[in-house]
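Enquirer: Sharing a structure here in structure tokens format.
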Amino acid sequence: MKKLLLFLFAVGLFAACQNNVDRKDLSSSVVNAQDMDKTRAGQQKKVKAKAYYYPSLVAFEKGQSQKDLSLTALSKINEMEQKEYNYVVLYDAATSWAEIFNTGDYSQTGDEQFNELLASHNLLIVQQFEVDDMSEGLVLAPNAAVDSPVEVARELSLIQDVMMVQLKEVPVEDQMTASK
């Protein structure tokens, strides 16, 4: 009887140890997955909005230009009437005015001030995209000539939960592709 109890105890102990080994293997594979995520975090997530990668002429955060405008940027901005451009609006993903995008409706936002700016400057939301877990973006395109594109970018940057607005020149090759 004593041998039977010792045998059962040994089997139970062996099973418990084996279970701990399995858990250790599992936790080490989780750690490896986390290490891989950290490695991937070093590589930025690819944003699926081509306009996000266009060259920025000017960028605003809360109404302030990120840096002094260079002479090259100023000359390009002065030539905006002849060029095609977009606004890339980066905003907090948790903002309430963007919830309407979950329905698939991209004709307007959930913010009256934003909608008024879109209407008064004849801007259309042409794309909504995810930047990362904390931020998303919109690509806005003018439907007609805008009097002062730089001022419009500054006004858009003042909207609640907008982190940055970039005025981006559409490259000539993309303009030709879009017109085909």
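Enquirer: What's the total number of residues in the range 99-131 that are open to solvent by 80 Å² or more (accessible area, probe 1.4 Å) and of a type in the set (D, E, K, R)?
Expert: The qualifying residues number 4.
Enquirer: Within the range 92-101, does at least one residue satisfy the condition of being within 15 Å of the chain's Cα centre (by Cα), of a type outside the set (S, T, N, Q) and closer than 17 Å to Phe60 by Cβ?
Expert: There is at least one residue in the range 92-101 that is within 15 Å of the chain's Cα centre (by Cα), of a type outside the set (S, T, N, Q) and closer than 17 Å to Phe60 by Cβ.
Enquirer: Something else about it: Take Lys180 and decide whether it is crowded, with 19+ Cβ neighbours inside 10 Å and either modelled with pLDDT under 95 or farther than 20 Å from Phe60 by Cβ (or both).
Expert: no
Enquirer: Hey, could you check the range 157-174 for residues that are under 18 Å from Glu84 (Cβ atoms) and part of a helix (DSSP H, G or I) and say which is modelled with the highest pLDDT? Write out each step before concluding.
Expert: From the range 157-174, those under 18 Å from Glu84 (Cβ atoms) are 165-174; that's our starting set.
From the residues that got through so far, the ones that are part of a helix (DSSP H, G or I) too are 172-174.
On the way: Val172: 69, Glu173: 64, Asp174: 57.
For the range 157-174, the residue satisfying everything is Val172.
Enquirer: Also, quick follow-up: Say we look at the range 148-164 and pick out the residues that are polar (S, T, N, Q) and in contact (Cβ under 8 Å) with a residue 40 or more places away in the chain; which of these is least open to solvent (accessible area, probe 1.4 Å)?
Expert: Applying the filter and picking the extreme gives Ser157.
The values are calculated or read from the model by the stated rules, or taken from the named source; none is laboratory data. Just so we're clear, the structure is a prediction, and the values are computed from it rather than from any experiment. Neighbour counts run over all protein chains shown; Cβ positions are idealised from the backbone, glycine included. Keep in mind that these areas ignore ligands, DNA and RNA; they rest on the heavy atoms of the full protein, side chains included. Shrake-Rupley method; radii C 1.70, N 1.55, O 1.52, S 1.80 Å.
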